[in-house]
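Novice: One structure is given below, represented as structure tokens, and several questions about it will come after.
Please treat every number below as a calculation from the coordinates, not as lab data. All values derive from a computational prediction rather than experimental measurement. Counting neighbours? That spans all protein chains shown, and the Cβs are built from the backbone with ideal geometry, glycine included.
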Amino acid sequence: MIKNMRLTLGLVFAGFLSGSLQAQDLKLWYNQPAEQWTDALPLGNGRIGAMVFGGVNREHIQFNEETLWTDSPRDYNMPDGAKYLNDIRQLLFAGKQKEAEALAAKHFMGLKSKEEERAPWVEKVRDLASLKSNPSAAKYNDSKWKTIQLPAINGWETVGLEGLDGAVWLRNSFVLPDDWAGKDLVFDLGKIRDHDFTYVNGHLAGTTANASDGRMYVVSADKLKKGVNHISIQVLNYFDKGGLVGYKDTSRPMRVYPKGASEQQAVILSRSWKYMIQDDDPPLVGTYQASYQPFGDLLLTFPDASKGVSDYKRELDLTTAISKTTYVSKGVRYTREYFVSQPDQCLVVRITSDKKQSINFQAGLRSSHKQSAVRVIDPTTLGLSLQVKDGALKGESILKVNAIGGKTRVKNGQIHVSGANEVVLYLTAATNYKNFKDVSGDAAALAKADMEKLAQQSYGSLLNKHLNEYQQYFNRLSLSFGSSSESTLPTDQRIEQFAKNNDPAFAALYLQYGRYLLISSSRPGTRPANLQGIWNDLLTPSWGSKYTTNINLEMNYWPAESLNLSEMHEPLFDMIEELSQTGAETARKYYNAPGFVVHHNTDIWRGTAPINNSNHGIWVSGGAWLSTHLWERYNYTQDKEFLRNRAYPLMRKVALFFNSYLVKDPATGLLVSGPTNSPEQGGLVMGAAMDHQIIRDLYSACIKASEILNTDGELRKIMKSNRDRLTPNKIGRFGQLQEWTVDIDDTTNKHRHVSHLWGVHPGADITWDKDPEMMKAARQSLIYRGDEGTGWSLAWKINFWSRFKDGDHAWKMVHMLISPAAKGGGSYVNLFDAHPPFQIDGNFGGAAGIAEMLLQSHSGYLDILPSLPSALKDGEIKGLCARGGFELEMKWKDGKLSDLSVLSKAGNTCTVKYAGKELKFATERGKRYPIDSALQLIK
Ligand code: FUC
């Protein structure tokens, strides 16, 4: 009854008070502090990122600065790749894929960073005879060693040994059960990274130099003894995750059991182990590209926060970009507020209480970088300096503690505050990175200058500047999908319930969270959002937390234009400009071609050469896909200056590359791309449908742009002719859209990538209007691929199903994306998208996908509510953008459009379609056009 009443009230408010309703709804909140990093709440100004844990006794704020990466500017290109291009192509045309891949692996991949020889180091750490005493021996005294819990599935880095690579000894023992006497034993130890020498009672039981195989060593009975038996493992870890990592299937523990016996009888070895670091300076491992790095941690310890804490809550308010933690301890209410200011380039934490003189804590800084140091600058200021291992970048951060009342002093490198009424902490951070070619900046001077600018300002003025700057972007779009009773639940529970309940308001929150994350990770003047935006706490993050261009980087920017955050697109355009420089070298050295090319990954140094393996790293459409974003920016804004000065010159360069690169397929006489790959499927090929769709869209965009700008008449002719000779989309024998030029699709393949549907989304090569048969084939391909996938794959499928105009299927995908993080996709407690691990693309692709259900504009008209799921019966949205230079406000009730108005930003003719009706009208720039539900202009 009460629930119903609240629901009715909610609906009444939704109608009349959607503004305030939204304000209540736009919070992530929890009744307990963060335990995992992915429980913590993200803040950011595009450059400085922070993750707030909100612990009562111990506040942990992990922070990043977006330019702190490994390595240094260098040449990524193999100097004479182009020599092998023709041979690779001929092998592929002759059906010799394996030979082509082998040749490409040898001569066509990029250059790695500096690598050191391994053998001398291995010889040194393996020289056990020269050790004072030998840890492999049964009798070795390890009583002074520290302990660690194993296995650590994500490496020993995650259980206290962050940043550790090298030679490490691990020891354990077990008592031989009496009935095992005389039996050979199997030691099942899981995977060990990267190389192990495993001893039992001093005898070598086995050694494996491979990070990906589970270790199963058999030890014969004569090596075992009654009573206690000792295991010693020397682990050599060169790079990335280290140590005993067990099995992905965590239900399979490390164990020992008699050979031939049931595994149930095993003695479990997943437990606390002793460890000793023998050498933490292994030879350098070369990498194709650099990794994004964590910077440091701000730690606040509140010694007198008692056990009797009540009324705890932490939250993130998307309308203000402020996070808050509140609790009551010993009768005093404490409040912490946190934000990262763009105007003042700092993290701000303010601590208040409702009773004077009751704030007591210690503040310290820390960093996981081996070469880092904290120093006291003065009694209220600490400095943190760091240097990335074997790289060119240094970082500097300054923490200032400003207490009102009480005492502030320094002790043991920490700032101690006692009896204060209120405290504000400021943190600045900088690196010596200037641009992708120049690392001559002065990190210390920059961090200091930012701190000095803060000195003159009150907290109130900082806060106001922050709010004004943030809200100018955020407030441009508002939406409501009505209210749901679940909005009274904390966010973690709401995620758990989402798929089971009818909670459309949570999808509205998810969309706004996507906008929040884009503003926070990609402000004008900063670098684009990487695989994790700007949030990363690991020295060796997954996929280097860099930029993958075969879906992930582009997906990050899907919401930029439609969700009214056009400025946030800027960092991507800056990056394309930089890639056009590095990519020109790659085009020349690998393809003897003009223009520029980007393969499937890039990093802070703007590497563009192929990386990883030849079966998936040679994919040429990164630059082309990225440059469609320039064209989309023009489509949405109709900004001709942007088209003339920034977009077209870059788009044109990519077209020049393809003019040179495309070759005739001897089988068909049509143009194909190649050597290339349909992202991460089917190996190296000539002719992938995705490439052809992207190149076709790129040519079409360049042709139109050159007409609008009245330039490049001759080039336009070439582009038209190439476009018309490109291999078209094809329908295969299973009724599917073919992934390649030949009909070899495997309909049982459930892979996360569905690249050949690029022409459905984000491209517009395949639409219901243009070619319904092809659209059906594309849908059939998606049905074969299935719904399951990683986070970004689920998010892409929301967009696909929206373009197929199946709102209910799209909504099913929303349910899968907003569900507790699991093996395939989902959302973490802080609503970060789970690949897993955390990858931010799904947040952005999901937000864009929800918008795609409400409005589509890729076919030359505004398609209103094209794919509205039946679960989204009522709603309203203001500030949704469309191609052609339009901005919409609309409401729908009971699944039907009730109000619509179109703001014309460019004065173009507007065509609107809804429910079989069409309205076409001329517009004036800056004027708003109300339209009724029968699609008549309201005069
Ligand atoms: C591509 C994808 C993976 C992941 C990685 C960053 O390799 O296939 O799923 O998203 O990029």
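Novice: Each label point is 7 Å from the Cα along the Cα-to-Cβ direction; what then is the distance between the points at residue 310 and residue 500, in nm?
Specialist: The two pseudo-label positions are separated by 3.0 nm.
Novice: Less than 20 Å apart at the alpha-carbon level, and either on another chain or at least 8 residues along: which aspartates and glutamates does that give for residue 259?
Specialist: The qualifying aspartates and glutamates are 178, 179, 184, 188, 213, 222.
Novice: Between residue 154 and residue 724, what FRET efficiency follows from the Cβ-Cβ distance if R0 is 56 Å, with the result rounded to 0.05?
Specialist: So the FRET efficiency works out to roughly 0.65.
Novice: Under the definition of Cα pairs under 8 Å and six or more residues apart, what whole-number percent is the relative contact order of the chain?
Specialist: The normalised contact order for the chain reaches 12 percent.
Novice: With Kirkwood's inverse mean 1/r over C-alpha pairs for Rh, give me the Rg to Rh ratio of the stretch 119-279, two decimals please.
Specialist: Computed over Cα atoms, the ratio is 0.94.
Novice: In nm, to one decimal, how far is the modelled label at residue 377 from the one at residue 458, with both set 7 Å along Cα→Cβ?
Specialist: Result for the modelled spin labels: 2.4 nm.
Novice: Which pairs break 32 Å Cα to Cα here: 434/878; 324/389; 776/823?
Specialist: Flagged as over cut-off: 434/878; 324/389.
Novice: Oh, and also: Give, as ranges by residue number, the residues of the stretch 848-865 whose backbone N falls under 17 Å from the point 7 Å along Cα→Cβ of residue 933.
Specialist: 864-865
Novice: Want the number for residue 472 to residue 265: 0.36 nm per residue separation, take away the alpha-carbon distance, what's left?
Specialist: That works out to 68.1 nm of additional length.
Novice: Can I ask one more? Counting pairwise Cα distances across the chain, what percent come out greater than 43 angstrom?
Specialist: Percentage above 43 Å: 39.
Novice: A further question follows. Arrange 126, 633, 476 by Cβ neighbour counts within 10 Å, fewest through most, would you?
Specialist: Exposure proxy ranking, most exposed first: 126, 476, 633.
Novice: I need 543, 69 ordered by Cβ neighbour count within 10 Å, fewest first.
Specialist: 543, 69
Novice: How would you rank 239, 838, going from fewest to most other Cβ atoms within 10 Å of each one's own Cβ?
Specialist: Result, fewest neighbours first: 239, 838.
Novice: Relative contact order (percent) for the stretch 119-279, with alpha-carbon contacts under 8 angstrom and 6 or more residues of separation?
Specialist: Rounded, it is 35 percent for the stretch 119-279.
Novice: Follow-up. Where the centre of each part is set by its Cα atoms, how far does the stretch 317-340 sit from the stretch 590-643, in angstrom?
Specialist: 43 Å
Novice: Which distance in Å, rounded to a whole number, links the C-alpha centroids of the stretch 868-939 and the stretch 119-138?
Specialist: 74 Å
Novice: Given the pairs 770/896; 797/905; 330/356, which span a C-alpha to C-alpha distance of over 19 angstrom in this model?
Specialist: 770/896; 797/905
Novice: Antiparallel versus total DSSP beta bridges in the chain: what percent is that, nearest 5?
Specialist: Taking every DSSP beta bridge with both residues in the chain, the antiparallel ones total about 95 percent.
Novice: Let me ask something additional. Any chance you could check the Cα centroid distance between the stretch 143-169 and the stretch 508-586 for me, in angstrom?
Specialist: 33 Å
Novice: How much length would be gained if the chain were fully extended between residue 896 and residue 734, taking 0.36 nm per residue of separation minus their Cα-Cα distance, in nm to one decimal?
Specialist: Full extension from residue 896 to residue 734 adds 54.6 nm.
Novice: On to the next question. With each label point set 7 Å from Cα along the Cα-Cβ vector, what nm distance links residue 111 and residue 640?
Specialist: Each label point is offset 7 Å from its Cα along the Cβ direction, giving 4.6 nm.
Novice: Let me ask another. Normalised by the residues of the stretch 428-569, what does the relative contact order come to in percent, with Cα pairs under 8 Å and at least six apart?
Specialist: Relative contact order for the stretch 428-569 comes out at 17 percent.
Novice: Can you tell me the FRET efficiency between residue 87 and residue 228 if r is taken as the Cβ-Cβ distance and R0 is 45 Å, rounded to the nearest 0.05?
Specialist: So the FRET efficiency works out to roughly 0.15.
Novice: Taking a threshold of 25 Å on the Cα-Cα distance, which of the pairs 917/939; 750/805; 112/664 fall above it?
Specialist: 112/664
Novice: What is the list of residues in the stretch 716-750 whose amide nitrogen lies under 17 Å from a point 7 angstrom out from the Cα of residue 709, following Cα to Cβ?
Specialist: Answer for this model: 716-720.
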